[in-house]
Each structure stands twice: as structure tokens, then as C-alpha cells.
């Protein structure tokens, strides 16, 4: 715009830029709603050559900055259609990030976004401070990248409710996180954090915090605060936390607490004052109270909290007696109490024994083998399998408990299936040998659980519609767990699948396994598979956790003799009373996965697997 001295007004001067691709760049700029106004402040003066040169230079630079938009058509589409969600995930996007030297800067102009995900892109090492301009963001998912730092300006995202920066290379969190007043979910697991920022109690809407698999030694001083009255889940396993304060009782809404595999020596009795607490995990901590250590490795949450509650009352009684100077005690009662405690301790130790026996491939001539196709390496390359015998699913609600435990592993350890996926099958219904392969989406046909046979394209479309409908019913703006793992296959030309000898797909990870091999109460042998796009060790860790959980459930079933069929499943005949097995011992049979030439890829379990820190788990090789 220039000043017209004769008309006494500003007039628009059209500038035409010549050169390769300039037209497209300017169009892209307009499509991205970037309004660039160039004013030559020369009121009552003629437009000089210098002014024209500066104007042209500014326009050229603006066009050049948009020159890479053609490589990011998703951004242009989001801007044109005014979409609220944008997802970049996997190797294809990682290549673009690597060639671009980071995320395309145009992303930071999409101010209508409320969901942004960039995951599984190891070339992404930093996020630009312009992220602060995305003020409508409610969910920011930046997991499984290689972020070494995170900008403190994240505190400007006042609408942010979900922040997931797990599985990166972060060593410190920015103070800006404490300014997120609407934040309800924070996931910073699988990094190298040593401390958490002071002031997390300012995030009064927090309901879920996951800080697992870091190097954290302590919680911030202000963490145990009544302000966090919505915090219901705290996951902090695999750290170096040395103390849990007695002020933990101030977290009144706490329902789930996982501090397994840390360096705790004491569990405060005040924990029993958390009235809503339903699930705790302190396994892998070397507690000074050895009876309590054995209890946390095997007993139910209710029993542990009752023990802590009694311990707290006992301590209060002792302190009261000391204050009054009454140090005399009845010797007979004290000895009787010691015997009772010793007997209870022995009972707990015996009760907590879990035995897993490994059956080697060499001991089973007809051992099942899975052949892995070379094509899976570009889709979902990692797979481990095994067979489990001795799992009692017949009694009472045993099957239901197992399915609930599997779902919980999917939600927590497997990151809602985005990190890994578990599938279980009835061995008697499997037609061996098996092949782990890939198929085009239109050719992959599967009988999904509870559905008729359909192609992968039809199934995913149906699941997407159901997920969208669920979100509308619950009036959620955030993407659900189902949405998240459906995104894992977005843009893939081939889908992974496990195929039996008859060519039937029995598993379609991470989406579903087949109705054909579905486990029931009558199932005696289970074929377990874990797949992942992350790493082989991830598969092994998840399989370890699954087998340990199965051992715990089997022990519980053996201890509580329920009537078969009490969970209402009517498709299986009930066994006569007393005919069901009461032993809780599990037998895990090794399964080999080989390449197409027959060369061994992995055998599970191996000597390095099932090396759990759980003291009451015995693995017999």
C-alpha cells in the first residue's frame, strides 16, 4: 500500500513476482490464512526506488518461507477445511522432518487446532517456541521422538488438557508446565528426568500423572497438596524414589498408585487414609519391614492398607504410652503377639509363592514356530510369542479377571496399544504353522471379535465411526484411546497380520484378533503374542508383565474356590465340583520366531526373560 498524494488516501499496489514456484508459494500462504500487510511509511511523499526494492524483498522472503508447504499437504488441508486435529506419525513423516530440519513452521499458524500429535519421529529433536501461538490446543502428543528439550512457553497454552511427551530424551521439564491450569493428563514417562518442577500443585485439574521410567529421586515439596484434589492416578514405577511422604493422604482422590521398582524403604501408614485408593503397587522395593515387603509382592491392596492402618494405630498407641511413662507391658501377651505375627508372616510367605515353569523348545518335538516375513519390517517389525498351560479360566470370574487385566496392561504399559499390543488365542483352535506377514488393506480379511468377516478397510472405517460416535455421546473433544491406535496404521500401504496354515487371519495388530481363536472358559492352553513398532525389548517387557499377572491371577483363583460359570458365560459346560485343578503353577512353553530362511530371530522366554524383581515369583528352567 502506498500513499496517493493527489487522492489523499492509501492505495493498493499489485506486485507480481516472477520466478519458479513463486505463484504456488503465495497461494499456499493465502490458504494458510497468513495476512501480510506491507506499508511504505512515506506519507505525502512519492514512492522511491528504495521503497519498491524493500517491498519486493519482503514479499520474496515471505514466499520463500512458504516454499516447503508443498511437502506438507496435510497442513494445507487442515487450514482449508478448518480442521481441529492434525497427526504426523511414523517413518514417512520422520523423513520429511529430517529433510526440513524440523517441523514445518506453518504448523504454528494453525490456530484452530485443538489436537496435535507428532509421534515416532526420531528426527524431531526440538519444538520451536512458536508453539505458543496454538492457543486452542487441548491435546499435545509428542511421544516416541528424540526431543532433548521442551520450550517453557508451553505455559501459554492455557486450554491444554493433555500433554504427552513420553519416550523422548528429556532431562528436565520446563517451569512453564506449572502454568497449565486446565491440564488433566501429564505423561512424561520414558525419559531421563531427575527432578520434577516445583509448582505442579498449581495444575489443580490434574487427574493422571505418569512419570515412570525416569531417574527421579523425590517428589517436589509442594506435590502432596490438597489443591490436587482431582488426582486419581499416579504412575511412577522404575525410578529412584527414596521416600513417600506421610502427606500423601492429602491426595484425597487417589485411586491408583504405582511406585514399583524404586528405592523406598518405608511405606507411610498415612497412605491408608486415602479413602478412594483401590490399587497400589510397591513391588521391587527393598522395604525395612520384611513382612510388609512380602505382602506388597503378593497380597491384594485391601490387605496391605489394613496392615498399614493397623501399623499406624499401633504406633500412635506406643507414642501415647511413652508420653504417659507407661513402659510396662504384659510379657505373655507380647510373646503371644510375636508368635502370631511370625505365623502370619510364614502364612503370607507361603501364600505368595508363584511358580512359573519354562518348557524348552527341545523338550517339545512338535513345538509351534512362527515364520516372520521380511515385509513386516516397514510396518510392525517386532513380535514375541509363547504358549501358557495351567491357567484356570473355568472357575468363577477367572476369565473376566484375566480380560480386565489384559485391558489394563493395554491402557498402561502398552500406552493404549500405541506402544505394544497383546493378543491371546486358544491353542486348540490354531492351525499351525503360523506366518507373521503383511497384506494390502483391501485383501486382508478378518473375523473380528463379535463381528462378521470384513476387510481391514471396512473394519477400520467401522471402528472409526464407532469411536466418533462414542466421543459425541460423551461430549469429549479429546481423542480416545481407540482413535489413537487406529491412527497407527494411517497411511500404511500394507497391514500386519498373523496367518494360520489355512490362510485365515487370526490376528490383525494393533486392531483386533480373530473370533476364530477366541479364548473361553474351557480354554486350557493359551497362545500369547505381543507385537510392537518400537523395539523387541518392548515386546519382551510387555510379555513378562503379562505372564507375571497371569501367575498372580492363577494364584488368586486357586486360593478362592469359586463355582464355575458364576460370571454368566453360558457357552461353556460346567465341570463337576472338585474336578478343576487347584494348582497355581503355570507352564510357559517357548516359541521360536524365524525368518523365511528358517534362521532364528527370537525365542521367548529365554534365560534373560522373566527376570522379575518380584521376590515371590519362582521361575523354574
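The values are calculated or read from the model by the stated rules, or taken from the named source; none is laboratory data. Just so we're clear, the structure is a prediction, and the values are computed from it rather than from any experiment. Ideal geometry is used to build each Cβ from the backbone, glycine not excepted, and the neighbour counts take in all protein chains shown.
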Set 438, 404, 446: member being under 30 Å from residue 164 (Cβ atoms) and assigned to a helix (DSSP H, G or I): 404
Residue check for residue 539: closer than 24 Å to residue 462 by Cα and modelled with pLDDT of 90 or more: no
Matching residues, the stretch 121-135, being surrounded by 20 or more Cβ atoms within 10 Å (Cβ to Cβ) and more than 15 Å from residue 152 (Cα to Cα): 121, 124
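In this structure, is residue 183 buried (at least 22 other Cβ atoms within 10 Å of the Cβ) and either farther than 30 Å from residue 535 by Cα or free of Cβ contacts under 8 Å to residues at least 12 places away in the same chain (or both)? Don't jump to the end; show me each part of the working.
Numbers: buried (at least 22 other Cβ atoms within 10 Å of the Cβ): yes; either farther than 30 Å from residue 535 by Cα or free of Cβ contacts under 8 Å to residues at least 12 places away in the same chain (or both): yes.
So residue 183 passes the test.
Within the group 306, 293, which residue is in a helix (DSSP H, G or I), at pLDDT 85 or above, assigned by TED's automatic domain parsing to the domain that holds residue 241 and closer than 14 Å to residue 260 by Cα? Reasoning before the result, please.
Values: 306 fails: closer than 14 Å to residue 260 by Cα.
Going through 306, 293 in turn, just one is in a helix (DSSP H, G or I), at pLDDT 85 or above, assigned by TED's automatic domain parsing to the domain that holds residue 241 and closer than 14 Å to residue 260 by Cα: 293.
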Condition check for residue 416: closer than 20 Å to residue 516 by Cα and out of contact with any strand residue (DSSP E or B) (no Cβ under 8 Å at 6 or more places or on another chain): no
Some residue of the stretch 256-279 being free of Cβ contacts under 8 Å to residues at least 40 places away in the same chain and closer than 23 Å to residue 161 by Cβ: yes
Positions within the stretch 230-266 being farther than 20 Å from residue 308 by Cα and exposed (fewer than 15 other Cβ atoms within 10 Å of the Cβ), in sequence order: 240
Residue 425, sole failed condition from (1) within 17 Å of the chain's Cα centre (by Cα); (2) at pLDDT 95 or above: (1)
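How many of the residues in the stretch 166-182 are closer than 25 Å to residue 240 by Cβ and touching a helix residue (DSSP H, G or I) at 6+ places or on another chain (Cβ under 9 Å)?
First, the residues of the stretch 166-182 that are closer than 25 Å to residue 240 by Cβ: 166-175, 177-178.
Of the ones still in play, those that are also touching a helix residue (DSSP H, G or I) at 6+ places or on another chain (Cβ under 9 Å) are 174-175, 177-178.
Residues in the stretch 166-182 being closer than 25 Å to residue 240 by Cβ and touching a helix residue (DSSP H, G or I) at 6+ places or on another chain (Cβ under 9 Å): 4 in total.
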Residues of the stretch 564-600 classified as at pLDDT below 85 and exposed (fewer than 12 other Cβ atoms within 10 Å of the Cβ), total: 10
Condition check for residue 99: closer than 27 Å to residue 202 by Cβ and either loosely packed, with under 15 Cβ neighbours inside 10 Å or modelled with pLDDT of 90 or more (or both): no
Residues within the stretch 267-285 that are over 27 Å from the mean Cα position of the chain (by Cα) and surrounded by fewer than 16 Cβ atoms within 10 Å (Cβ to Cβ), tallied: 0
Enumeration of residues in the stretch 430-446 that are at pLDDT below 90 and in contact with a helix residue (DSSP H, G or I) (Cβ under 8 Å, 6 or more places away or on another chain): none
